[in-house]
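Rule-based calculations on the coordinates, nothing more; no lab input. All values derive from a computational prediction rather than experimental measurement. Here the Cβ positions follow ideal geometry from the backbone for every residue, glycine too, while neighbour counts run over all protein chains shown.
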Amino acid sequence: MRQLVVALVGNPNSGKSSLFNLLTGSHQHVGNYPGVTVEKKEGYCTYGGREIRVIDLPGTYSLTAYSTEEIITRQFILEDKPDVVVDVLDASNIERNLYLGTQLMEMNAPLVLAFNMSDLAQRRGLEFDLDQLSRLLEARIVPTVGNKGQGREALLDAVIQTARDDKKPRMHHVRYGSEIEEELSRIETAILDQERDLAIRHGSRWLALKLLEQDDEILAKVQSRPVLDLVRKSVSHLRSIFHDEPEIVLADRRYGFISGACQETIRNSVERRHDASDMIDAIVTNRVLGLPIFLLLMYAVFWLTFTLGEYPMQGLEWLFGWLQASVSGLWPEGSTHWLRSLLVDGMIAGVGGVVVFLPNILLLFLAIALLEDTGYMARAAFVMDRIMHKIGLHGKSFIPMLIGFGCSVPAIMATRILENRRNRLTTIMVIPLMSCGARLTIYSLIIPAFFTPRWRGPVMWLIYLIGILLAVICAKLLRLTVFQGETLPFVMELPPYRMPTTKSVVIHMWQRGWMFLKKAGTVILGISVVLWGLASFPQPDPAQLAGLDEEQAQQAALEYSAIGRIGHLVEPVIRPLGFDWKIGTALIGATAAKEVFVSQLSIVYATGSDDNTDVLREKLRASYTPLVAFCILLFSLISTPCIATVAMTRQETNSWGWAVFQFVGLTVLAYGITLIVYQVGRIWI
Amino acid sequence: MSAKSANALTASLEDYLEVILWSVAANGAARVKDIARQLQVQAASVTGALQVLAEKRFVHYKPYEAVTLTPEGFQEATRVVRCHHIIREFLTQVLGVEAEAAEEGACRLEHDIPGEIVARLAAFMEYVQALPEPERGSLAAFIERSMGRTASADPSELSFGRSTVADMKPGHEGVIVRIGSHAELARRLADMGLGRGVLIEVEGVAPMGDPIRIKIRGYRLALRKSEARSIVVIEK
């Protein structure tokens with residue numbers, strides 16, 4: 001038998017994902033819709049002897065043509081014509097959830113309604129007359145509890161039965177009142193007359209409704225002038241009667257229909273004015289307690305990600321160190337064979353450089369999954385919105401930016417929680433300006449070398465502050481130029497608080513980790529190997545190294561290599577910043593990872609391993625002024641942290657263009673600001 | 001209707017007093033048929049009213065005799081007339097109401113408006129009279145402009161007294177009257193279920209003053225104050 005295609009739709013926070021997981025188990029695949037950053041989730045299952053392909057469409061509140069999610073969902077239902085559309089509703093919030101349902105009804109989609117979270121609804125005292133409601137809405141209704149695994153069979157039964165149904169036209173329609181119905185029938189007649197093809201494909205009533213709503217997509221599809229003129233007349237006529245846009249009146253009437261249906265079929269046996277969620281909110285979004293609670297939770301997230309993540313990270317570092325030593329041991333001691341170097345310093349170090357992020361990412365997404373599934377995430381956005389909005393961002397942007405203080409890589413990945421594309425891109429662009437943990441290695445080398453103990457703290461603070469300030473300014477600028485556009489309405493639902501299930505949290509966490517490894521991982525590894533190549537080749541003649549001790553040999557080798565040469569080449573360009581080729585070489589190496597700056601600098605100054613940082617510091621002190629030192633700090637702060645950041649930006653934006661934009665932008669910004677500071681500083685000091 | 005003292009008169013009785021005052025002033029006494037004609041009522045109604053007024057000792061009335069006012073009646077009658085005058089002047093001079101509408105408004109208001117309020121209106125009128133001409137004129141001009149801005153005399157069109165969700169305090173409820181905002185926001189609000197006649201409850205405000213939390217159709221929504229300002233409500 002033919003494969004059944006089932007589309008899952010529903011409001012955000014309706015538990016659609018857990019229902020999807022319930023239906024498809026581990027047989028799922030996450031990707032992107034072409035050209036956009038919206039996730040595409042597909043999976044399959046076998047039931048009743050049939051193979052069923054399930055598409056999890058993005059969560060939406062409505063099916064207008066204004067957001068990418070809505071357009072994708074609508075297009076899928078209209079063009080791909082799935083066999084069944086399952087609308088997942090939060091049963092304890094039926095009225096609002098049914099709004100989408102009525103629009104699906106009007107699209108004549110073969111509908112099954114999943115009353116999800118029915119356990120919570122029951123606990124709240126809601127009683128449904130499902131038979132009657134089913135008759136009114138002309139769709140099978142199945143109560144489910146997605147995150148507890150209940151209702152799977154019943155749902156799949158309903159799906160199969162609905163797929164078998166004959167496609168009869170609907171009996172019950174949402175009635176919009178005589179004035180609107182009159183205009184509708186006029187437009188319908190015109191459509192049947194002039195646009196037969198469209199009418200056959202989409203249904204005349206639905207088209208008429210969309211035209212009255214002035215739906216951009218449908219308006220573009222209608223060619224016939226008489227129809228468009230008629231629509232225009234109807235719209236202005238209705239506008240004058242109702243003193244409102246027809247689409248608003250239509251929305252109103254839909255809700256009226258829903259209210260009516262619900263009043264007949266739903267009873268609230270327990271009259272509870274304020275439930276547990278209200279009480280929690282009273283504390284959590286309290287004027288006094290709200291902010292401290294938020295900061296506390298943010299601290300917890302940060303701690304979980306970085307402090308707790310430290311242990312597995314060290315474990316992994318040890319593992320890779322061991323791996324490097326083992327592979328290295330396959331060659332005789334002191335060998336400089338290229339394969340040995342490639343494997344040990346190139347590939348293993350490269351893979352290690354990727355995997356080392358995994359604990360942070362998994363833990364971060366554990367924290368995010370907890371925040372989202374409990375419902376707190378929306379409250380966090382609520383508390384922070386005032387500040388974020390002033391910069392042109394959304395309240396939710398705070399969290400990824402905060403994570404950026406630990407490491408940009410998981411921070412950029414965390415921007416997934418931002419729904420608005422422009423907000424998301426802006427946030428991704430400025431996250432690197434949050435001084436990350438890796439830069440600390442540079443700060444702890446440079447600052448004690450050049451500043452007296454009294455100044456060390458303040459200088460560090462200054463650097464962090466400059467980073468934040470620049471981020472704010474850049475965000476504002478970006479929002480005014482590249483990512484400009486009217487701020488989309490904030491209007492955000494605050495979902496009821498819920499207990500997260502281990503299963504959903506773990507699945508969530510795992511999917512993210514896997515995505516990171518597959519996508520960012522490959523890019524990072526690739527670039528690491530390239531950088532290794534640049535640092536290792538060309539190799540100097542062993543004769544040239546004769547008579548030099550180990551450190552001096554390393555120094556010579558580095559200078560001879562591609563990176564060293566590039567460092568020399570770049571010197572004239574970075575001279576105005578107060579930098580010489582040695583710093584240049586270290587900076588180039590540091591594009592792999594900021595920590596590399598220190599080790600590269602040690603090699604260049606022939607101080608070998610970084611155990612001798614004091615020796616290195618003395619040498620630096622002798623070579624540069626405090627102003628130059630400060631410029632090094634500035635440049636490290638502003639320029640791209642590492643290639644992993646670039647790779648992650650590429651992954652999250654689904655385009656190399658933005659990644660390059662970020663890289664070039666940060667580099668130019670770093671150069672410009674450091675230039676100004678150095679030149680002005682030289683005059684003053 | 002607020003509770004009135006035993007001696008307080010109903011509207012029509014005050015009208016009688018007024019008429020009698022003018023008649024007595026003009027002719028020395030008032031006759032039943034004159035009163036009936038002026039108030040456009042039946043003679044029988046007049047005699048009934050006169051009996052009540054006589055009981056209250058406002059008038060001297062013996063059947064088939066001309067009517068005169070007692071000192072108390074004179075005081076009450078002048079009070080009513082004065083009220084009428086103050087209100088009418090307020091309506092015409094300050095609010096710029098047309099003479100006929102002002103007359104009718106004054107006739108209605110003079111009977112129910114508490115004396116305290118009339119006294120304050122009088123004081124206010126003194127203030128207005130004392131204003132130099134340009135300021136007095138600008139007051140009237142302002143009213144004209146405000147009225148001119150609205151297409152009709154519909155009070156819900158003006159900004160004073162209009163409440164939006166942004167004005168509501170936590171814990172208060174209201175019913176949505178109108179959503180007046182640009183298309184994008186209006187659509188989003190409509191999609192989320194905010195429409196005419198829907199009950200909305202403001203639950204709280206974020207720690208930094210913005211956004212606000214509301215409850216609608218049984219679920220919770222967060223809105224920026226700037227967005228809330230476009231939702232017009234009548235508060236409970």
As a test of the formula, what do you get for chain B when each DSSP H run with n ≥ 4 contributes -39,500 (n - 2.57) and the sum is divided by the residue count, at 222 nm and rounded to the nearest 500 deg cm²/dmol?
-15500 deg cm²/dmol
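Considering all projection directions equally, how large on average is the shadow of the alpha-carbon convex hull of region A:73-185, in square nanometres?
Numbers: hull surface 33.2 nm².
Its average projected convex-hull area is 8.3 nm².
Treating only the Cβ atoms of Lys and Arg (+1) and Asp and Glu (-1) as charged, compute the dipole magnitude of region A:516-684 about its Cα centre; round to the nearest 20 debye.
Details: 11 positive and 13 negative charges, 144 e Å.
Around 700 debye, computed over region A:516-684.
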Which angle between 0 and 90 degrees, to the nearest 10, do you get for helix A:225-242 versus the longest principal axis of chain A when only C-alpha atoms count?
80 degrees
Expressed as a fraction of 2.2 N^0.38 Å, the rule-of-thumb size for a compact globular protein of N residues, what is the C-alpha radius of gyration of the protein assembly as shown?
1.31
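Sorted from fewest to most neighbouring beta carbons within 10 Å, what does the list B:THR92, A:THR645, A:THR189 look like? Could the numbers behind the result be given before it?
On the way: B:THR92 18, A:THR645 29, A:THR189 14.
Lowest to highest Cβ neighbour count: A:THR189, B:THR92, A:THR645.
In the structure displayed, which of A:LYS16/A:LYS396; A:LYS81/B:LYS215; A:LYS594/A:LYS619 lie more than 32 Å apart, Cα to Cα? Please list the in-between numbers first.
Values: A:LYS16/A:LYS396 22 Å; A:LYS81/B:LYS215 37 Å; A:LYS594/A:LYS619 20 Å.
In this structure, A:LYS81/B:LYS215 lie more than 32 Å apart at Cα.
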If neighbour count is taken as other Cβ atoms inside 10 Å, put A:LYS167, B:LYS169 in order from fewest to most.
A:LYS167, B:LYS169
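In debye, nearest 20, what is the charge dipole magnitude of the protein assembly as shown about its Cα centre with +1 on Lys and Arg Cβ and -1 on Asp and Glu Cβ, if you could check?
In total the dipole reaches around 820 debye.
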For a protection proxy built on the mean count of beta-carbon atoms within 10 angstrom, sort A:632-639, A:280-287, B:205-212, A:192-199 highest first, please.
A:632-639, B:205-212, A:280-287, A:192-199
From zero up to wherever the largest Cα-Cα distance of region A:601-685 sits, split into 5 Å bins and tell me the percent of pairs in each.
3, 13, 16, 15, 15, 15, 12, 7, 3, 0
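If packing is taken as the average count of other Cβ atoms within 10 Å, what order do A:4-17, B:31-44, A:207-220 fall into, highest mean first? Don't skip to the answer; put the middle values down first.
Working: A:4-17: 24.0, B:31-44: 14.4, A:207-220: 19.8.
Packing proxy ranking, top to bottom: A:4-17, A:207-220, B:31-44.
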Along its three principal axes, how long is region A:178-268 when you only count alpha carbons? Whole Å, largest extent first please.
50, 31, 22
What translational D, rounded to a whole number of µm²/s, comes out for region A:380-479 from Stokes-Einstein when the hydrodynamic radius is the Kirkwood one over Cα pairs, at 20 °C and 1.002 mPa s?
151 µm²/s
Quantify how much of the Cα-Cα distance distribution of region A:451-558 extends past 25 Å, in percent.
72 percent
Selection from A:CYS631, A:ALA659, A:LEU620, by position along the positive dipole direction of region A:516-684 (Cβ):
A:ALA659
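Take every Cα-Cα pair in region A:4-164 and report what % of them are more than 27 Å apart. The partial results should precede the final answer.
Working: 2065 of 12880 pairs.
In whole percent, the share of Cα-Cα pairs in region A:4-164 beyond 27 Å is 16.
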Let me see the P(r) profile for region A:516-684: every Cα-Cα distance counted, bins of 10 Å, each bin given as a percent of all pairs.
10, 34, 35, 18, 4, 0
Quantify how strongly other chains surround peptide B:207-217 by giving the mean number of their Cβ atoms within 10 Å of each of its Cβ atoms.
6
Ranked on Cβ counts within 10 Å of their own Cβ, fewest leading, B:GLU203, B:GLU72, A:GLU42 go B:GLU72, A:GLU42, B:GLU203
Can you tell me the order of A:671-678, A:153-160 when each peptide is scored by its average per-residue count of other Cβ atoms within 10 angstrom, highest first?
A:153-160, A:671-678
Region B:37-91, dipole about Cα centre (Lys/Arg Cβ +1, Asp/Glu Cβ -1), debye to the nearest 20
80 debye
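Just checking the output field for B:181-188: average partner chain Cβ neighbours within 10 Å of each residue's Cβ?
The mean count of partner-chain Cβ atoms within 10 Å per residue comes to 5.
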For region A:295-399, list log₁₀ I(q)/I(0) at each q in 0.18 Å⁻¹, using the Debye formula over Cα point scatterers of equal strength and ignoring solvent, two decimals each.
-0.86
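Could you grab the relative contact order for region B:163-235? Cα pairs under 8 Å, six or more apart, rounded to a whole percent.
On the way: 145 pairs, mean separation 32.8, N = 73.
Computed over region B:163-235, the figure is 45 percent.
Let me have the relative contact order for chain A, percent, based on Cα pairs under 8 Å that are six or more residues apart. Numbers along the way, then the final one.
Numbers: 945 pairs, mean separation 66.5, N = 685.
With pairs under 8 Å counted, the relative contact order is 10 percent.
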Please compute the average number of Cβ atoms from other chains found within 10 Å of each residue's Cβ in peptide A:378-384.
4
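Considering all projection directions equally, how large on average is the shadow of the alpha-carbon convex hull of region B:163-235, in square nanometres? Present the calculation step by step, with values, prior to reporting the outcome.
Details: hull surface 16.5 nm².
Averaged projected hull area, Cα only: 4.1 nm².
For n ≥ 4 DSSP H runs only, could you compute -39500 (n - 2.57) per run for chain A, divide by its residues and tell me the 222 nm figure to the nearest 500? Don't skip to the answer; put the middle values down first.
Working: 35 runs with 424 residues, N = 685.
So the calculated ellipticity at 222 nm is -19500 deg cm²/dmol.
Tell me, what is the percent relative contact order of region A:516-684, built from C-alpha pairs under 8 Å that lie six or more residues apart? Let's see the in-between values first.
Details: 186 pairs, mean separation 36.9, N = 169.
Relative contact order for region A:516-684 comes out at 22 percent.
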Acute angle (nearest 10 degrees) that the helix B:133-149 long axis makes with the longest principal axis of chain B, alpha-carbon atoms:
60 degrees
If only Cα atoms are counted, what is the Rg of region B:1-130, and what is its Dmax, in Å?
15.6, 49
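Kirkwood hydrodynamic radius for chain B: how many Å is it when counted over pairs of different Cα atoms?
Values: mean 1/r = 0.0450 Å⁻¹.
One decimal place: 22.2 Å for the Kirkwood radius.
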